[in-house]
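Contents: one structure, followed by commentary.
The values are calculated or read from the model by the stated rules, or taken from the named source; none is laboratory data. For clarity, every value in this text was computed on a predicted model and none was experimentally measured. Heads up, the Cβs are rebuilt from the backbone with ideal geometry, glycines too, and the neighbour counts pull from every protein chain shown. We work out accessible area using only protein heavy atoms, side chains counted, and drop any ligands, DNA or RNA first. Shrake-Rupley method; radii C 1.70, N 1.55, O 1.52, S 1.80 Å.
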Amino acid sequence: MRELKTGADRVETSLDPTDWPEFRALAHRMLDSALDHLEGAADRPVWRPTPQSARDALRAPPPMEPEGAARAAEDLLAHVLPYPTGNTHPRFFGWVHGTGTPGGIVADIMAAAMNANLGGRDHAPILVEKQVIEWMRRIFGFPENASGLILSGTSMATLIAVIAARKAKAPHDVRRAGVRQGANPMVGYTSSEAHSCIAKAFDQCGLGLDALRRVPVRADLTMDVGALRAMIAEDRAAGALPFAVIGAAATVNTGATDDLDALADIAAEENLWFHVDGAFGAVAALSDELRPRLRGIERADSIAFDFHKWMHVQYDAGCVLIRDGEAHLSAFAHGAEYLTGLPRGLGGGKPWFSDYGIELSRGFRALKVWFALKEHGLRRIGEKVEDNVAQAAYLARLVDAHQDLERLGPAPLNIVCFRYAPDGLAGDLDAIQREIVMDLQESGAAAPSTTTIRGRAAIRINITNHRTKMADMDVLVAAVLEMGARYRA
Ligand SMILES: *Cc1c(COP(=O)(O)O)cnc(C)c1O
């Protein structure tokens, strides 16, 4: 075994470039490649399969010896950059994906340069995150003592909110004693259309999946508020402790928004924590025309939403806002002697962001959000939301007008679900919709996803894309009809 050298003869080299001018030239070339990639976003296929050569290159053994930045950059350009998800393309319509902006490249470069840790302490990056949270607090009409956290997305934001709700409403000191789901279990409510991250949060914080009651929906796929009242009464009669209701500001399937004002009323009457899953739909608050549909969101105890979806900030960035900052802090703050704040110096600025969540070390996600909001302005981002809603309405009209297409469910916002169903089409209609979606994706013409609406498979078009134009709807419908024709006898 070689002995560790600890004397003055030890050779000490950092990981910085040995030749800065050469590294600088490489970095400039990579920046140009990144900008080319976005400037040409609409000129490539939406998606293409990753070829075997790239798959093989990405299954190499651990690089024990340096390959150098030039080699790493070359591999990146050859095997990674050409095979993206495709959500930078105007006809990416799958799931709910944001588009990103060129400005995000600038912000991410600077965040990497500063390499800040936003767990806490007193430095400007902390002020940037506080600034973004303060802006969002005002957009959603939350009180001044509200708190918030920038997270990887709405899934994490939901977990934080459910943990805060659990702490606030538990009949005992749940942080000390843990969850005790015995004869009087804590139960929460959300609609049958709610996103799976809510069930995950109940699971992960120890309440259990059964503690999340699924309330049926009405014809418009929003929560049946009468059914919610009945379920709460039933649960109370059976000895359970209802503690939370989770409303949707736009569901992932169809964009249905629950009657948030009615949910706020029930939460107030029943002493429930009222959380809103606004992953993308809450961003409608930036539009004067759409904001009224969110009435009641300002009464929520917590809101989870994403910057990386309808606000077009690069992945990943979401946010939780909590009305009662003290309740938020009391659900997460932990005293550890190596983390105690000091009255001045770098160690100041208590409470720290780490006192409001699970993570201690946290990256500078806030910078790309701050940069995008300053660059584009909230009003303009709201106008892009309106563009997408108008495009979805146009697509719904195209679908309704075509005899071979059938709409599945309402399209109140930016999502349209439909199927290819000409008269006399033989075979498994559900399977055909999924085939058409795979055909579209592999053709590179468009990338929808699939879902089921009331048990029927749908081609699902979600538009959270600032590059999409009305004309893309015509291209999409033509492509669906072309692919669909293959399945006619
Ligand atoms: C995307 C989405 C989520 C989950 O958000 P992530 O940012 O992907 O974690 C939750 N709810 C709804 C309605 C969504 O669309």
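Taking Lys and Arg as +1 and Asp and Glu as -1, the other residues whose beta-carbon sits under 12 Å from that of I163 total +4. Modelled label positions at A390 and D265, each set 7 Å beyond Cα in the direction of Cβ, lie 3.5 nm from each other.
Per-residue 3J(HN,Hα) values for segment 131-142, derived from phi via the Karplus relation 6.51 cos²θ - 1.76 cosθ + 1.60 with θ = phi - 60°, read 4, 4, 5, 5, 4, 5, 4, 5, 4, 9, x, 7 Hz in sequence order (x marks Gly and Pro). For segment 379-486, the per residue solvent-accessible surface stands at 41 Å², with DNA, RNA and ligands left out and a 1.4 Å probe.
Could you work out the relative contact order of segment 379-486? I mean the mean sequence separation of Cα pairs under 8 Å and 6+ apart, divided by the number of residues, in percent. Across segment 379-486, relative contact order equals 29 percent.
Quick check: net charge around P185, other residues with Cβ under 13 Å of its Cβ, Lys/Arg +1 and Asp/Glu -1? Neighbourhood net charge equals +3.
A cut-off under 15 angstrom between Cβ atoms defines the neighbours of R176, and their net charge, with Lys, Arg +1 and Asp, Glu -1, is +3.
Multiply the residue separation of R180 and R379 by 0.36 nm, subtract the distance between their alpha-carbon atoms, and state the gained length in nm to one decimal. Intermediate results must be reported in sequence, preceding the final value.
On the way: separation 199, 0.36 × 199 = 71.64 nm, distance 4.64 nm.
67.0 nm is the gain from fully extending R180 to R379.
Assuming R0 = 25 Å, what is the FRET efficiency of R434 and R55, from their Cβ-Cβ distance, to the nearest 0.05? For R434 and R55, the calculated efficiency is 0.55. Determine the distance separating the Cα centre of segment 383-442 from the Cα centre of segment 267-308; give it in Å without decimals. That distance is 28 Å.
Each helix, a run of at least 4 DSSP H residues, gives -39500 (n - 2.57); summed and divided by the residues of the chain, these come to -12000 deg cm²/dmol at 222 nm. Determine the share of the chain's accessible area contributed by carbon and sulfur atoms, expressed in whole percent, with a 1.4 angstrom probe. That share works out to 53 percent. Across all Cα atoms of the chain, the radius of gyration (one decimal) and Dmax (whole number) stand at 25.1, 85 Å. Take 129-137, 207-215 and order them by the average number of nearby Cβ atoms within 10 Å per residue, most first; the result is 129-137, 207-215.
If both residues of a DSSP beta bridge must be in segment 180-305, then about 10% of such bridges are antiparallel.
Compared with the alpha-carbon gap, the fully stretched path from V80 to E39 is longer by 13.0 nm at 0.36 nm per residue. Per-residue packing, averaged as other Cβ atoms within 10 Å, sorts the ranges 4-16, 89-101 into the order 89-101, 4-16, beginning with the highest. The protection proxy used here, the mean number of other Cβ atoms lying within 10 Å of each residue, ranks peptides 153-162, 170-179 as follows, highest first: 153-162, 170-179.
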